[in-house]
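Trainee: Supplied in structure tokens, the structure appears directly below.
Rule-based calculations on the coordinates, nothing more; no lab input. Remember, it's a predicted structure, so these values are computed and weren't measured experimentally. No Cβ is skipped: glycine too gets one built from the backbone with ideal geometry, and neighbour counts run over all protein chains shown.
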Amino acid sequence: MRSIGEMARDSGLGVSALRFYDRTGVLVPARVDPVSGYRWYGSAQLEEARLLARLRRAGMPLADVRLVLAGWSGADGDLVRELLQAHLRRLEADLSDARVEFSALQGLLAHRENIMTPSRITIRLTTSARALAAALDAVRFAAGTDPELPMLGGVLFDFEGETLHVVATDRYRMAVARAETTGYDRPSAQVIVPAPLVDAMRALLNREGPVQLDVDGDRVTLETGDGQASGRCLDHAFPDYRRLVHLPTGSRALVDATAFRTALENGPVRTSEAREQGAASHDLSVLKVADDGSVVICDDGDDDQNHIAVNREFLLDALAAAGDDQVIIEFGVPTAPIAIRLPGDEATFSILMPVRLDH
């Protein structure tokens, strides 16, 4: 007999997926402990679980999965082949449709870029070292590292009147902060500062006092009393982050950042399933808001469609960037991002995409 954890390890199906397939009657354990509810699987079920994992990775609908498993068990090879071929035809048709739509979008994008060629940017402003350091510290952790998405490999500097907004995202999380400035009151302008240059700038911001930030075309320069950091901006367009930060109304919980980090580090986790080829799995923390308004880290097996699963490492990064004081964790619907905010500072926050659980 295999425990559910051993079956997950040996089959390629996550524990949450095994529970899901038990509830739906697709792969029922050989034995369930009547007291603890713990699931045990027979040795003969491993082959079926591995088949199920392959069908799952191929994205086969649950109704067809049932038929494939029935045909496989009954040695009905013709049925299994027809179901596999039918699913492959659907995937190929969907891919063909997607290629047509993406080709049209590429044409629209090229036309849009041709009529939106940016003019040369010239900016000179002053801000405080403390304000700029705090803003960069609040967002740097969210900058992307994927070489296929170079436009996310830095921090957006969004100049809007006498406010500098800084933004970073890697698609799965986003962080936003701001610093007040003087000396620039023209229309909004944006540049993307590459992550290594952001780090060089941050290293010069450890003393109090004013600092000067200049943008001249594709070059950005920070001058402080300790030196200068200068380099080229990334020659890409950044996503319209303002469209991404409007979240559905939900519940808010005030938590102690240090205590909550400790609870996350020592609390229960689940392992995500890699849904993309070559992708790595990661630890998930499943959260809910209790009746008393506190945030609870759910135990393994505490399943509810209203619980929200997030990448634990990403949430720890966001809490570390927020500091050691209290933070507000804002929940919307289970499919919407959660937000981590600082009390009294609505302009500094990060959002974190949820991870889908199988229920």
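Trainee: Find the centroid of the Cα atoms in segment 1-77 and in segment 149-217, then give the distance between the two in whole Å.
Mentor: Each part reduced to its Cα centre gives a spacing of 50 Å.
Trainee: Still on this structure, please answer the following. Looking at LEU88, ALA143, ASN311, which one has the Cα that reaches farthest to the positive end of the dipole of the chain (charges on Cβ: Lys, Arg +1; Asp, Glu -1)?
Mentor: Farthest along the dipole direction, towards plus: LEU88.
Trainee: Can you give the Rg to Rh ratio of segment 180-282, both from alpha-carbon atoms, with Rh computed by the Kirkwood formula?
Mentor: Answer for segment 180-282: 1.09.
Trainee: Name the most mobile residue of SER272, SER103, SER294, meaning the one with the largest mean-square fluctuation, in a Gaussian network model of the chain with Cα contacts below 10 Å.
Mentor: Looking only at SER272, SER103, SER294, the biggest GNM fluctuation is shown by SER103.
Trainee: Follow-up. Give the peptides 172-178, 146-152 in descending order of average Cβ contacts within 10 Å, highest first.
Mentor: The peptides rank, most packed first, as 172-178, 146-152.
Trainee: Would you mind telling me which residue in GLY154, GLY14, GLY74 has the biggest mean-square fluctuation in a Gaussian network model of the chain, where springs connect alpha carbons within a distance under 10 angstrom?
Mentor: Taking springs between Cα atoms under 10 Å, the residue moving most is GLY74.
Trainee: Relative to the longest principal Cα axis of the chain, at what angle does helix 62-73 sit, 0 to 90 degrees, rounded to 10?
Mentor: 40 degrees
Trainee: Across the chain, what fraction of all alpha-carbon pairs, as a whole percent, falls in each successive 10 Å bin from zero upward?
Mentor: 5, 19, 24, 22, 17, 9, 4, 0
Trainee: Comparing ARG243, ARG39, ARG56, which has the greatest mean-square fluctuation in the GNM of the chain with Cα pairs linked when under 10 Å apart?
Mentor: ARG243
Trainee: Considering the options LEU67, GLY37, ALA257, tell which one lies farthest towards the positive end of the dipole of the chain, charges being +1 on Lys and Arg and -1 on Asp and Glu at the Cβ, about the Cα centre.
Mentor: LEU67
Trainee: Give me the Debye-computed log₁₀ of I(q)/I(0) at q = 0.12, 0.22 Å⁻¹ for segment 247-352, equal point scatterers on Cα only, no solvent, two decimals.
Mentor: Results for segment 247-352 at q = 0.12, 0.22 Å⁻¹ read -0.39, -1.31.
Trainee: Sort 92-98, 225-231, 1-7 by packing, meaning the average of other beta carbons within 10 Å per residue, with the highest value first.
Mentor: Ranking the peptides 92-98, 225-231, 1-7 by packing returns 1-7, 225-231, 92-98.
Trainee: Between the helical axis of 45-57 and the dominant principal axis of the chain, each derived from Cα atoms, what acute angle in degrees is found, rounded to the nearest 10?
Mentor: Taking the Cα atoms of the chain, the angle to 45-57 is about 40 degrees.
Trainee: Only Cα pairs under 8 Å and at least 6 apart count here; give the relative contact order of segment 247-352 as a rounded whole percent.
Mentor: Across segment 247-352, relative contact order equals 31 percent.
Trainee: How tilted is helix 312-322 with respect to the longest principal axis of the chain? Cα atoms for both, answer in degrees (0 to 90, nearest 10).
Mentor: 20 degrees
Trainee: So, one more: Can you work out the base-10 log of I(q)/I(0) for segment 160-208 at q = 0.18, 0.27, 0.28 1/Å, using the Debye formula on its C-alpha atoms alone?
Mentor: Log10 I(q)/I(0), no solvent term: -0.75, -1.19, -1.19.
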